[in-house]
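See structure below.
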Amino acid sequence: MISLLSFFEDVRAKSSSADGPQDEAKRAAADAVLAQVEPGMTLGLGTGSTVDFFLQALAQRTRDGLQVQGVPTSSQTERRAKELGIPLLGEGEFRRVKNQLCVDGADRVDLAGRLIKGGGGALLREKLVATHSSQVCILVDPSKLVSVFDSTFPLPVECLDFGVEDTLEKIRRLGCEVTLRDSSGGGRLRTDNGNVIADCVFHQIADPVATELRLNAIPGIVEVGIFSDLLDLLVVGFPDGTSLTCSTKELAR
Ligand code: 5RP
């Protein structure tokens, strides 16, 4: 298993001297990943505020003549990409074309390069699009890096609404506190797939792979927000506009 320990230490050392607004850190990560985008690429487009900076930068490049095609991971990203004029592949083409690069954010990244995703409720399509991509690049600010997944961010789990109380009871038996996510407009949040999100607070997730497997074995769970073995490139932006990039493929060599 890879370890990002020395990269995390570099990020910590740099964070202490790089002051500025959090949005600048997200923008710096987004600008840095743009260098990976080549003409003609098919791109998985993630969801969230960090990805939004990438969409804005990508749109500028497409206006300057870069030709790419995007595959959105949510209706939110689809709307935003259309608004910005980024060309998108039709839904039917998803299976035919493998994305060359998927660019997404994350809620947490651990020392083994595993991710917690789903803060924006788009984890199912994000996982589908990431697994359908040759390379997965994750953009974060330094606050997202952790040694171990813990209670500072609840693990999102997408569940069928049908029989959900029973599903939640089974999730609780794994030793966490569970609540169903509400939407900002009131009422229960519905994902793009018509499901609900259970936010699961674990004191610690010592073995994320085992936890992902255990959760996925519970009937009624559609997908779990733990992404193991999917990260290829991690880009951390800093509030002073700089960034650091780590290739997990190089670490594995
Ligand atoms: C959405 C996600 C996002 O990538 C994650 O929540 C990070 O979002 P942000 O960039 O806004 O912090 O997983 O489902």
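The values are calculated or read from the model by the stated rules, or taken from the named source; none is laboratory data. The structure presented is a predicted model; accordingly, all values stated were derived computationally and were not measured. Heads up, the Cβs are rebuilt from the backbone with ideal geometry, glycines too, and the neighbour counts pull from every protein chain shown. When the accessible area is computed, the model is the full protein with side chains, heavy atoms only, and any ligands, DNA or RNA have been set aside. Shrake-Rupley method; radii C 1.70, N 1.55, O 1.52, S 1.80 Å.
Table for the structure above
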| quantity | calculated |
| --- | --- |
| Filter result for the condition that a residue is touching a Lys or Arg at 6+ places or on another chain (Cβ under 6 Å) and either closer than 26 Å to P239 by Cα or in contact (Cβ under 8 Å) with a residue 24 or more places away in the chain (or both), over F7, F53 | F53 |
| Single match in A29, A59, A13 (criterion: within 15 Å of the ligand (Cβ to nearest atom), open to solvent by less than 70 Å² (accessible area, probe 1.4 Å) and not aromatic (F, W, Y)) | A29 |
| Spans of helices (runs of 4 or more DSSP H) in region 1-84 with at least 1 residues under 18 Å from G120 (Cβ atoms) and assigned by TED's automatic domain parsing to the domain that holds G105 | 22-34, 49-63, 75-84 |
| Selection from region 145-188 of residues that are under 21 Å from F227 (Cα atoms), among the charged types (D, E, K, R) and without any contact (Cβ under 8 Å) to a residue 40 or more places away in the chain | R172, E177 |
| Flag if K127 is within 12 Å of G225 (Cβ to Cβ), more than 8 Å from the ligand (Cβ to nearest atom), within 10 Å of the chain's Cα centre (by Cα) and basic (K, R) | yes |
| Which listed residue, of D232, D192, D141, is closer than 17 Å to K127 by Cβ, within 19 Å of the chain's Cα centre (by Cα) and assigned by TED's automatic domain parsing to the domain that holds R108 | D232 |
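Okay, residues lined up against (1) under 21 Å from S134 (Cα atoms); (2) modelled with pLDDT under 95:
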| site | (1), (2) |
| --- | --- |
| G44 | yes, no |
| T47 | yes, no |
| D52 | no, no |
| L55 | yes, no |
| L58 | yes, no |
| T73 | yes, no |
| E83 | no, no |
| I86 | yes, no |
| E93 | yes, yes |
